[in-house]
Amino acid sequence: MAVIYKSFALRIVALSFSLMLGVAHGQESSIAINVATAYPESNFHTQNLLQYANDVSKATNGRVNFKIYPAGTLLKQTEIFQGVRSGKVEAGEVLMSSLVKESPLFAIDSLPFIVSSYDDAFRMWEASKAGIEKALSEKGMQLLYAVPWPPQNLYSKRVIAMPNDFKGLRMRTYNPATERISELIGARPVTIQAVDLTSAIAGGKLDMMLTSSSTGVEAAAWSQLRYYYKVNAWIPKNVVFVSKKIFAGLTEENQKKILEAAHAAEFRGWGLSRSSNASYEAQLAENGVHVETIDPFLRRYLDRLGENLARDWLKQAGRDELMVLLKYTTDRSMKAR
Ligand code: PCA
């Protein structure tokens, strides 16, 4: 018995000693950070996230290991934010505008027809980043980085030539803004997350949707939705975040490395999104989708719809959100001169 006590005591001493050594060198023992995302492994966001995990592991000499769980295998899209908040999982990636109930600022990038290019989208990100970082921090999250999807365009089973053509169509929705759009155009909303989209389209459950070229290709939109109108409605982003509690437990040095790698991931992700859009659109066309622009009358109708949504948003928004929108519009008009 005494021998067991003795060896146990020795182990404790050895453990404390190695912990002390670790602290003396400013290092924690290695830590795994599980990251939940709803998007498939092949998606460019997930590929970027995997590369980020690699970079972090290298930069921290294997001490901080992000482990990525794609395609909703750890938590579903709708559970990820709360899951990180409650400590079920350490980190996550979600579509920022799906968090509008947490703060109206998260939906700024899903206001239709406010940004019409990646340059605009980046300007909006620059204007809103500090506020978004703060809003996330108030919910217990440390922002790592944000990367946009390609522009949101209109997919349809049949030709859409006038506003009446939307009436009664089963429209796929993925966030509160798309639900509101379906209501305004007289369509019937059907909420389907990206992982379930391929089977929903092939199974004939949808008549139209607004999403990116990338998601359309991944979901083989051509199985049913053979019209694609380039309406450039908005450029939404995914945000990647880690629990502040977990982040605070890391050494300052490793925190710095994680943020540096996040900066690189953000830069790389914007490049990937921007450069892949044309090839995704080419893949749509190769698979028999008509890639078209929209009739000017319909365009004006959609612009008015965008104004309606912006008005809705302004009603929920406070001073801070308004200041961000104003900053973005001013920066954009200065650039246009
Ligand atoms: N793809 C995701 C979000 C935006 C996008 O382009 C989706 O359709 O669910």
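Below is a table of values for the structure above.
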{"quantity": "Cα gyration tensor, segment 109-253 - rounded (a/c under 1.5), prolate or oblate", "calculated": "prolate"}
{"quantity": "Neighbour-count order for ILE201, ILE192, ILE80, fewest beta carbons within 10 angstrom listed first", "calculated": "ILE192, ILE201, ILE80"}
{"quantity": "Cα-based shape type of segment 215-337, given that a ≥ b ≥ c are square roots of the gyration tensor eigenvalues and the cut on a/c is 1.5", "calculated": "oblate"}
{"quantity": "Helix axis angle, 296-316 relative to the chain longest principal axis, alpha carbon, degrees", "calculated": "40"}
{"quantity": "Inter-probe distance in nm under a simple model that places probes 7 Å from Cα toward Cβ, at THR293 and THR191", "calculated": "3.7"}
{"quantity": "Rounded, prolate or oblate (a/c below 1.5 giving rounded, otherwise prolate when a/b exceeds b/c) for the chain by Cα gyration tensor", "calculated": "prolate"}
{"quantity": "Crossing angle, helix 319-336 versus the chain [Cα axis fit, 0-90 degrees, rounded to tens]", "calculated": "70"}
{"quantity": "Within straight-line cross-link reach of LYS76, lysines at Cα separation under 26 Å, skipping those fewer than 8 residues along the same chain", "calculated": "LYS67, LYS88, LYS101, LYS129, LYS134, LYS139, LYS205, LYS237, LYS244, LYS245"}
{"quantity": "³J(HN,Hα), Karplus 6.51/-1.76/1.60, whole Hz, each residue of segment 41-56, x for Gly, Pro", "calculated": "4, 6, 5, 5, 5, 5, 4, 5, 5, 5, 5, 4, 4, 4, 4, 5"}
{"quantity": "Estimated FRET transfer efficiency when R0 is 45 angstrom, pair GLU183-ASN61 (beta carbons, to 0.05)", "calculated": "0.30"}
{"quantity": "Under 5 Å, built H, 5+ apart or other chain: amide partners of GLU90", "calculated": "ASN34"}
{"quantity": "Cβ-based exposure ranking for ARG158, ARG319, in which fewest neighbours within 10 Å come first", "calculated": "ARG319, ARG158"}
{"quantity": "Between 0 and 90°, nearest 10: helix 252-286 axis offset from the chain longest Cα axis", "calculated": "30"}
{"quantity": "FRET E, pair GLU252, MET323, Förster distance 30 Å, beta-carbon r, rounded to 0.05", "calculated": "0.40"}
{"quantity": "Theoretical FRET efficiency, 1/(1+(r/R0)^6), r = Cβ-Cβ of SER29 and LYS139, R0 41 Å, to 0.05", "calculated": "0.90"}
{"quantity": "ALA161-LYS205 pseudo-label distance in nm [points 7 Å out on the Cα-to-Cβ vector]", "calculated": "3.2"}
{"quantity": "Label-point separation, MET334 to LEU50 (7 Å along Cα→Cβ), nm", "calculated": "4.1"}
{"quantity": "The chain - percent relative contact order, Cα under 8 Å, separation 6 or more", "calculated": "23"}
{"quantity": "Of all DSSP beta bridges in the chain, antiparallel share, percent nearest 5", "calculated": "50"}
{"quantity": "In sequence order, calculated HN-Hα J values of segment 103-116 (Karplus, 6.51, -1.76, 1.60; Hz; x Gly/Pro)", "calculated": "6, x, 4, 5, 9, 4, 8, 10, 7, x, 6, 9, 10, 10"}
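Where a number appears in this text, it was derived from the coordinates with a stated rule and is not lab data. Keep in mind it's a predicted model, so treat the numbers as computed, not measured. Don't worry about glycine lacking a Cβ; one is built from the backbone with ideal geometry, like all the others, and counts go over all protein chains shown.
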